[in-house]
1. Restricting attention to region 94-108, which residues are closer than 22 Å to Ala21 by Cα and surrounded by fewer than 18 Cβ atoms within 10 Å (Cβ to Cβ)?
2. Restricting the search to region 43-75, which residues are charged (D, E, K, R) and closer than 18 Å to Thr32 by Cα?
3. Would you check which residues across region 25-37 are assigned to a strand (DSSP E or B) and either hydrophobic (A, V, I, L, M, F, W, C) or over 21 Å from Glu86 (Cβ atoms) (or both) and list them?
4. Would you be able to tell me the number of residues in region 13-43 that are exposed (fewer than 14 other Cβ atoms within 10 Å of the Cβ), of a type in the set (Lys, Arg) and closer than 15 Å to Gln62 by Cβ?
5. Pick from Pro92, Pro81: which is on the phi < 0 side of the Ramachandran plot and without any contact (Cβ under 8 Å) to a residue 24 or more places away in the chain?
6. Out of all the residues in region 38-73, which are part of a strand (DSSP E or B), within 18 Å of Thr23 (Cβ to Cβ) and either of a type in the set (Ser, Thr, Tyr) or free of Cβ contacts under 8 Å to residues at least 40 places away in the same chain (or both)?
7. Kindly establish whether Val113 is modelled with pLDDT of 95 or more and not in a loop (DSSP other than H, G, I, E, B).
Amino acid sequence: MFSSKRKSGQPQSRIDSLIGAGTRIEGDVKFTGGLRIDGEVKGNVYAEKGADSTLVISEQAQVEGEICVAHVVINGTVVGPVFAAETLELLPNAKVTGDVEYSTLEMQQGAVVQGRLIHQAGKAEPVELKLAASAG
């Protein structure tokens, strides 16, 4: 997943920030680039809109709040909705309690989602077609 040659639409390969094991953050986290969480976050986790962003939630990590990031990799515990604008990867120890919205999903055996899986690809297409048709 973290190769040095990145194709368009692939997750960004660099982790810029780390919330280490034993660290607990209460409040929202907003970031750009790559963020890895090994500790606990009680609050929402957002990436800068329009920016290529990657969030990695490790096996021992816990997030309680909404997640809104382009590329999300989960191997820990999330309580709250997850919005992955591009890709969502659920590794074997992922436990998500909340609805999950994604464009591309990879879910490995052992991952658990207690909520709805909602595919988002093409949702904007009817709006674009409607606007194009009304503009003519």
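The values are calculated or read from the model by the stated rules, or taken from the named source; none is laboratory data. Keep in mind it's a predicted model, so treat the numbers as computed, not measured. A quick note on method: Cβ atoms are made from the backbone with ideal geometry, for glycine too, and the neighbour counts reach across all protein chains shown.
1. Applying the first criterion (closer than 22 Å to Ala21 by Cα) to region 94-108 yields 94-97.
Within region 94-108, Lys95, Thr97 qualify.
2. Restricting attention to region 43-75, the residues satisfying the condition of being charged (D, E, K, R) are 48-49, 52, 59, 64, 66.
Scanning region 43-75 gives Glu48, Lys49, Asp52, Glu66.
3. As a first pass, look at region 25-37 and keep what is assigned to a strand (DSSP E or B): 25-26, 29-31, 33-37.
Ile25, Glu26, Val29, Phe31, Leu35, Ile37, listed by residue number.
4. 1
5. Details: Pro81 fails: without any contact (Cβ under 8 Å) to a residue 24 or more places away in the chain.
Of the residues listed, the single one that is on the phi < 0 side of the Ramachandran plot and without any contact (Cβ under 8 Å) to a residue 24 or more places away in the chain is Pro92.
6. Glu40, Val41, Lys42, Val45, Leu55, Ile57, Gln62, Val63, Glu64, Ile67
7. On the way: modelled with pLDDT of 95 or more: yes; not in a loop (DSSP other than H, G, I, E, B): yes.
In short, yes.
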